Amino acid sequence: MYRFLLTPRWWGINVFVVLAIPFCIFMGSWQLGRFEDRVQDHETASTQHEEARRDAPRPLDALLPLDKSTVGRQTTVTGRYDDQLLVPERKLDDREGYYVLTLLRTDEGRALPVVRGWLPGEPDPAKAPAPPAGEVTVTGALQAPESPGGNGVSGRSGWPAGQTGSISASTLLNLVPYDVYDAWVTLNSGDSGMRAVPVSEPQNSGLDLKAFQNLGYTAEWFAFVGFVIFMWFRLLRRETELARDAQLGLAVPEAREEAGPAGEETEREARPSPTGA
């Protein structure tokens with residue numbers, strides 16, 4: 001009854017099933033591992049943020065180059081404030097507003113972007129407090145450069161003069177005539193009555209859409225394993241029933257099925273007439 005399993009057709013089906021199941025299990029396990037890695041990154045980032053709040057401020061050079069372990073760490077920098085820019089479309093407590101960003105020129109010749117605070121409403125240079133004059137020492141949380149379109153950062157371009165959509169060296173180098181650190185600082189306390197901007201987590205370190213996409217792909221790969229097994233058993237059952245019918249003589253010969261009405265008519269024509277005509 002199961003001799004059909006030795007036919008070339010079923011050899012192909014069986015080889016496909018044997019290869020497809022472990023492949024789907026591997027891909028599902030890999031996607032699940034990616035999801036678990038993102039969960040671990042989220043937990044690590046949260047722990048680091050809590051530790052960073054209690055750490056003593058360190059010099060900027062000691063925290064560079066920037067990575068996930070130094071984002072959010074407290075730093076202290078001395079310099080003189082120079083150009084000031086506004087960063088629109090930034091929400092705080094579900095209110096629309098903007099950052100007041102001022103470039104702090106250091107003795108090394110480069111400037112550190114410093115977010116001195118947040119103000120509600122539309123960006124207005126007249127409402128943004130002027131930075132303190134002379135040499136100042138600022139203390140705040142070190143932040144990673146922003147990417148347009150990520151982590152709530154606007155992807156727009158063509159901002160008015162005196163504004164920027166994202167805070168990064170690649171963006172600011174086109175707006176100021178000096179080198180800029182590829183990092184920025186948010187002050188622990190808002191300057192001149194402005195609200196302090198909270199520390200943000202580095203990109204790709206939280207339970208974002210990509211993490212749940214990995215979880216969804218995991219479910220799809222394991223569901224495909226079940227689908228392959230189901231279809232194999234369904235084909236096996238169908239072939240077994242056909243083989244059983246053939247043994248019992250219940251299967252209709254293919255030649256008879258293909259004959260159809262025309263075959264029946266030919267058979268009637270070949271049968272002798274009762275009248276002998």
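No lab work stands behind these numbers, since they all come straight from the coordinates. Everything quoted here is computed from the prediction, not taken from an experiment. Positions of Cβ are backbone-derived with ideal geometry, glycine not excepted, and every protein chain shown enters the neighbour counts.
Quick notes
- The listed peptides 9-22, 61-74, ordered by packing as a protection proxy, come out as 61-74, 9-22 (highest mean of other Cβ atoms within 10 Å first).
- All lysines inside 29 Å of K210 as judged from Cα atoms, apart from same-chain residues fewer than 8 positions distant: K68, K91
- Length released on extending from Q163 to T7, taking residue separation times 0.36 nm less the Cα-Cα span: 48.9 nm
- Cα shape, the stretch 113-163, gyration tensor, a/c 1.5 rule: oblate
- Sorting the segments 114-120, 153-159 by their residues' average number of neighbouring beta-carbon atoms within 10 angstrom, most packed first, yields 114-120, 153-159.
- Amide H contacts of W159 (H built 1.01 Å from N, under 5 Å, at least 5 apart or other chain): none
- Backbone HN-Hα couplings from phi across the stretch 216-222 [Karplus 6.51/-1.76/1.60, Hz, Gly and Pro as x]: x, 5, 4, 4, 5, 5, 6
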